[in-house]
Amino acid sequence: MQLRLIRHATLIVEYAGQVLLVDPMLDDAGARPAIQNSPNPRSNPLVALPIPAEDVARGVEAVLVTHTHSDHWDGTAARVLPKGAPLFGQMEDEQKFRGQKFSRVQAVTPSATWNRIEIIRARGQHGRGPIAKAMAPVSGFVLRASGEPTLYIAGDTIWCDEVQKAIGEHKPAVIVVNAGAAQFLEGDPITMTADDVITTCKAAPSARVVAVHMEAINHCLLTRDDLAFQLEAARVRNQVAIPEDGEWVELVG
Ligand SMILES: [Zn+2]
């Protein structure tokens, strides 16, 4: 298994001999307005892709989309990805993908198998209370294949019972968490805070944790440096990779 952060939650995952693209947000920097009712209003994405969108799409054999908020699936992704690429997502987004003329859409309900890879939907909470309801539905995905370590891509969720359950059930070797502590002007964070990442580490002490979803969208207020500082204080810094955009993640050790 190998994993590369492109930007925000967009990942290239090499798994069981296949190349998967996760949550493609491929718009140019500043292509979209700031998130409504959010602090720090600046146009999104805040930063450019580390490589051109066409190069991100090249060689991709399947696409996984946890949900279709614009920071996980955008206009450029829908335009540059091959319409015949196998596209896995939550049942609730199936019609949207078909409407965008993707011909090989498969809902992960509650699992799907592609080549040797089993993809299992995990649940999550994209915030608390009424905000979480408004932001739903979201998914995470667990990837399993014989001879490969289990990978859990938690998606846009805070620490919650569903994340704890996914860890308990699947015992992932690698967990990708969406940090950034994204926030609106009111209410609690809707993606993981530093405390949530620390709780994840303690719930899965033998897993490698990869923290992404930072410094690319205006309402993500937790930076990589803030997160690193708080992980250090909680003595879990060594368990967590915090890749830069474009960086391959070292998954050993
Ligand atoms: Zn997001």
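Among residues that are within 16 Å of the ligand (Cβ to nearest atom) and either under 17 Å from residue 213 (Cβ atoms) or touching a Gly at 6+ places or on another chain (Cβ under 8 Å) (or both), residue 16 is not included. Screening 70, 38 for residues that are small (Gly, Ala, Ser), over 21 Å from residue 224 (Cβ atoms) and within 16 Å of the ligand (Cβ to nearest atom) leaves exactly one candidate, 70.
With 5, 26, 20, 11 as the choices, which residue is more than 29 Å from residue 131 (Cα to Cα) and under 16 Å from the mean Cα position of the chain (by Cα)? When all the criteria are applied, what remains is 20. Every test in (1) within 13 Å of the ligand (Cβ to nearest atom); (2) in contact (Cβ under 8 Å) with a residue 60 or more places away in the chain is passed by residue 3 save one, and that test is (1). Screening residue 164 against (1) more than 16 Å from the ligand (Cβ to nearest atom); (2) modelled with pLDDT under 95; (3) under 20 Å from residue 197 (Cα atoms) leaves a single unmet condition, (2).
The values are calculated or read from the model by the stated rules, or taken from the named source; none is laboratory data. Small disclaimer: the values here were computed from a predicted structure and weren't measured. Note: ideal-geometry Cβ built from the backbone for every residue, glycine included; neighbour counts use all protein chains shown.
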